[in-house]
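Worksheet: the structure to be examined is printed underneath.
The values are calculated or read from the model by the stated rules, or taken from the named source; none is laboratory data. Model, not experiment: these values are computed from the prediction. Cβ placement follows ideal geometry from the backbone for every residue including glycine, while neighbour counts extend to all protein chains displayed.
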2 protein chains.
Amino acid sequence: MGRPTIADIARQAGVSKGAVSFALNGRPGVSQATRERILRVAEEMNWRPHSAARALGGSRAGAVGLVIARPARTIGVEPFFSQLLSGLQAVLSARSVALQLMVVEDTEAEIEVYRRWSSEHRVDGLILVDLQVHDPRIAVLEALALPTVVLGGPGRHGSLPSVWADDREAMLSIVDYLAALGHRRIAHLAGLPAFHHTQRRMRALRDAAKRLGLEEAVSVPTDFSDAEGAAATRALLARGRRPTAIVYDSDVMAVAGLGVAAEMGVSVPGELSIVSFDDSVLARIVHPALTALSRDTFALGGQVARVLLAALDDPAGVRDVRTPTPRLTVRESTAPPGLGRASKTV
Amino acid sequence: MGRPTIADIARQAGVSKGAVSFALNGRPGVSQATRERILRVAEEMNWRPHSAARALGGSRAGAVGLVIARPARTIGVEPFFSQLLSGLQAVLSARSVALQLMVVEDTEAEIEVYRRWSSEHRVDGLILVDLQVHDPRIAVLEALALPTVVLGGPGRHGSLPSVWADDREAMLSIVDYLAALGHRRIAHLAGLPAFHHTQRRMRALRDAAKRLGLEEAVSVPTDFSDAEGAAATRALLARGRRPTAIVYDSDVMAVAGLGVAAEMGVSVPGELSIVSFDDSVLARIVHPALTALSRDTFALGGQVARVLLAALDDPAGVRDVRTPTPRLTVRESTAPPGLGRASKTV
DNA sequence: CTGAAAGCGCTTACAG
DNA sequence: CTGAAAGCGCTTACAG
């Protein structure tokens with residue numbers, strides 16, 4: 001007889017379709033006894049909601065969207081995103097909400113997707129990543145009135161709720177550690193300067209340098225690619241008085257930097273300490289293993305999903321959420337400066 | 001007035017809703033003149049299809065699904081998948097078909113997702129990856145009668161159409177190259193033995209070893225994790241007569257193996273040649289850069305999407321598609337054996 | 001607390 | 001080639 005519908009259940013249970021709908025959705029409007037009977041029948045018939053019908057009747061699409069804008073030459077979906085996705089889906093699928101994922105070339109294309117999804121009623125809400133300093137997406141999303149949670153901040157996210165970790169505190173923890181080891185010349189291979197978190201990290205480094213009286217502390221912006229990471233590292237290490245420590249904004253760039261150090265005969269950590277702002281398998285498997293900032297990205301994804309679900313129920317009742325600051329995992333790529341080639345190991 | 005519907009267009013153009021639907025979907029049933037008028041009106045009103053309504057009225061969900069089953073400890077979504085996704089979406093979104101992506105723990109959970117999606121009418125078709133030798137998913141999908149394209153093969157995919165590249169030929173090209181360099185003892189750090197392509201690679205190595213009269217050619221199965229890749233490499237290199245070349249089934253394992261070689265003071269490529277079966281940023285950025293099998297994974301994704309779309313239109317009219325065999329990109333990690341520590345440097 | 005009805009925005013036979 | 005109508009499977013006011 002094909003898939004059972006609520007009409008079948010209603011007939012079987014001897015009630016109206018409306019009553020079945022109320023019972024199935026846990027709403028008031030049916031007595032406890034009939035509710036249980038209806039649920040039992042639905043179970044017996046192995047009924048499942050038809051997502052399209054539900055979306056048409058109600059006004060929910062039953063899905064939320066996530067668009068990642070990355071130029072093709074960068075790594076694409078990095079370990080960070082795969083962890084985030086898992087965390088998101090763990091929470092969303094428990095509520096039967098699907099996740100629409102899309103990878104596009106740039107912010108313009110990203111905005112187009114939001115407009116299309118909105119007009120096609122594809123999604124009920126959105127997750128916004130890679131927050132920019134002057135972010136054109138914010139105004140668009142406010143205008144579309146699509147419930148959205150921003151991963152990033154604090155600040156620069158307009159009236160949209162944000163889930164954020166403190167990149168400033170994180171950067172300070174790195175610099176404090178390096179300074180404690182004795183480093184006085186620290187370089188920072190930053191990501192895209194348009195990103196909000198890039199600016200916060202750069203600013204934190206400047207502030208820390210002043211406070212600690214460092215001899216040098218420079219941030220070099222890049223496009224996050226391994227190519228620019230390698231090129232910038234080469235330039236830094238070719239200087240007369242080169243930095244004794246480099247902080248990389250991504251694990252991919254950090255690994256590329258490690259390769260350049262090997263290529264130029266600069267020992268790590270003997271002559272150069274390396275810290276990655278992102279932790280992942282990459283940071284662990286290279287040699288020497290990289291000291292890196294670790295965080296529970298899976299849990300972060302779950303947190304974002306919960307905030308978004310709350311926003312769907314009550315767009316006005318949602319507050320910004322601060323998540324734990326990433327913590328430094330020390331491995332083999334950091335040491336006091338100037339140990340020289342003696343410590344080069346292996 | 002809210003979003004325009006086909007009823008609005010019909011009123012404005014002075015025709016029936018049915019006529020509008022035909023015109024908008026490029027079907028016969030309206031004259032050329034009225035078709036053009038309708039399209040013009042739709043354009044003026046900035047009409048967009050409501051995906052749920054379309055799914056309910058027709059019987060299409062407007063989406064296809066891809067489930068990736070990976071235990072949490074492996075890298076998750078690898079570069080391979082991100083490329084594949086991009087290729088899939090490039091073709092699918094041109095036809096306004098969404099992609100439902102889900103990451104789960106194991107095959108059992110994966111099958112559950114298929115059953116749920118099927119009964120909820122969430123997707124019109126599926127893409128199946130990581131084909132197994134005895135794959136329980138095949139029978140389930142045949143029974144669900146959900147149009148599905150298998151990425152993998154040839155063989156073992158039942159009545160489902162397959163898009164495949166020849167892993168056997170690919171392995172032979174590696175072994176032939178290593179043998180030509182003079183290697184006589186070759187090891188292969190394979191992936192999960194349950195995977196169809198793992199078996200084909202292992203068998204290809206055995207056959208090549210016999211044909212070439214190699215002294216030793218052993219395949220060691222692993223779970224694809226960096227941990228097992230490292231452990232197995234350690235065991236191989238600790239032997240008396242160790243292999244002079246190791247072929248790794250994934251880039252992550254190859255990088256882990258490279259780390260172990262460094263740790264044990266085995267120079268690459270002087271004392272050990274390393275080849276990765278997967279190419280990616282990882283293979284390029286490490287030092288020495290890894291010789292690897294390259295393929296156009298983006299194009300592969302596009303190909304899979306095209307076959308799936310064809311299967312949606314006509315499930316019976318789809319044939320298996322063979323894609324180009326991956327080709328060896330030689331970098332710095334391979335050399336004739338026994339050059340010894342002299343060539344270590346850099 | 002419950003039932004009968006209308007409606008969500010499309011698609012698709014079925015008559016003309 | 002075209003129009004009027006029914007129907008997809010739900011949800012949600014609106015009466016009782």
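The residue that is modelled with the lowest pLDDT, counting only those in the range A:39-61 that are within 16 Å of DNA strand C (Cβ to nearest atom) and charged (D, E, K, R), is A:Arg60. If you check B:Ala190, B:Ala227, B:Ala194 for being surrounded by fewer than 24 Cβ atoms within 10 Å (Cβ to Cβ), among the hydrophobic types (A, V, I, L, M, F, W, C), under 25 Å from the mean Cα position of the chain (by Cα) and under 27 Å from B:Gly153 (Cα atoms), only one passes: B:Ala194. Applying the condition of being loosely packed, with under 13 Cβ neighbours inside 10 Å and within 14 Å of chain A (Cβ to nearest Cβ) to the range B:22-48 and asking which residue is farthest from DNA strand D (Cβ to nearest atom) yields B:Asn46. Is it the case that some residue within the range B:62-73 is near DNA strand C (Cβ under 9 Å from one of its atoms) and either in contact (Cβ under 8 Å) with a residue 60 or more places away in the chain or surrounded by fewer than 18 Cβ atoms within 10 Å (Cβ to Cβ) (or both)? The answer is no, given that none of the residues of the range B:62-73 is near DNA strand C (Cβ under 9 Å from one of its atoms) and either in contact (Cβ under 8 Å) with a residue 60 or more places away in the chain or surrounded by fewer than 18 Cβ atoms within 10 Å (Cβ to Cβ) (or both). Go through the residues of the range B:322-330 one by one and say whether even a single one is surrounded by fewer than 16 Cβ atoms within 10 Å (Cβ to Cβ), modelled with pLDDT of 95 or more and farther than 23 Å from B:Trp164 by Cα. Taking every residue of the range B:322-330 in turn, at least one turns out to be surrounded by fewer than 16 Cβ atoms within 10 Å (Cβ to Cβ), modelled with pLDDT of 95 or more and farther than 23 Å from B:Trp164 by Cα. Note on the range A:232-341: enclosed strands (runs of 3 or more DSSP E) holding 1 or more residues that are touching a helix residue (DSSP H, G or I) at 6+ places or on another chain (Cβ under 7 Å) and within 14 Å of chain B (Cβ to nearest Cβ) are A:245-248, A:273-276. Taken over the range A:90-145, the residue count meeting the criterion of being within 11 Å of chain B (Cβ to nearest Cβ), in contact (Cβ under 8 Å) with a residue 40 or more places away in the chain and assigned to a helix (DSSP H, G or I) is 5. Name the residue, out of B:Ala55, B:Ala10, B:Ala19, that is touching a strand residue (DSSP E or B) at 6+ places or on another chain (Cβ under 9 Å), within 11 Å of DNA strand D (Cβ to nearest atom) and part of a helix (DSSP H, G or I). When all the criteria are applied, what remains is B:Ala55.
Collect the residues in the range A:132-155 that are surrounded by fewer than 19 Cβ atoms within 10 Å (Cβ to Cβ) and within 17 Å of the chain's Cα centre (by Cα), keeping them in residue-number order. Working first, answer last.
Within the range A:132-155, the subset surrounded by fewer than 19 Cβ atoms within 10 Å (Cβ to Cβ) is A:133-134, A:136, A:139-140, A:142-145, A:154-155.
Within the range A:132-155, A:Val133, A:Pro154, A:Gly155 qualify.
Screening the candidates A:Val175, A:Val97, A:Val129 for the property of being of a type outside the set (D, E, K, R) and surrounded by fewer than 19 Cβ atoms within 10 Å (Cβ to Cβ) yields one hit, A:Val129. Within the range A:1-21, if we keep just the residues that are loosely packed, with under 14 Cβ neighbours inside 10 Å and more than 11 Å from DNA strand C (Cβ to nearest atom), the residue that is modelled with the lowest pLDDT turns out to be A:Met1. On the stretch given as the range B:225-283, residues that are touching a Gly at 6+ places or on another chain (Cβ under 8 Å) and of a type in the set (Val, Ile, Thr) total 5.
Scanning the range B:22-32 for residues that are of a type outside the set (Phe, Trp, Tyr), within 10 Å of DNA strand C (Cβ to nearest atom) and assigned to a helix (DSSP H, G or I), we see that the one that is nearest to B:Glu43 (Cα to Cα) is B:Leu24. Checking each residue in the range B:4-16 for being under 30 Å from B:Ser118 (Cα atoms) and either within 13 Å of another protein chain (Cβ to nearest Cβ) or without any contact (Cβ under 8 Å) to a residue 40 or more places away in the chain (or both) picks out only B:Thr5. In the set (1) in contact (Cβ under 8 Å) with a residue 24 or more places away in the chain; (2) away from chain B (no Cβ under 14 Å); (3) of a type in the set (Ser, Thr, Tyr); (4) assigned to a loop (DSSP other than H, G, I, E, B), A:Ser173 fails one condition alone, (4).
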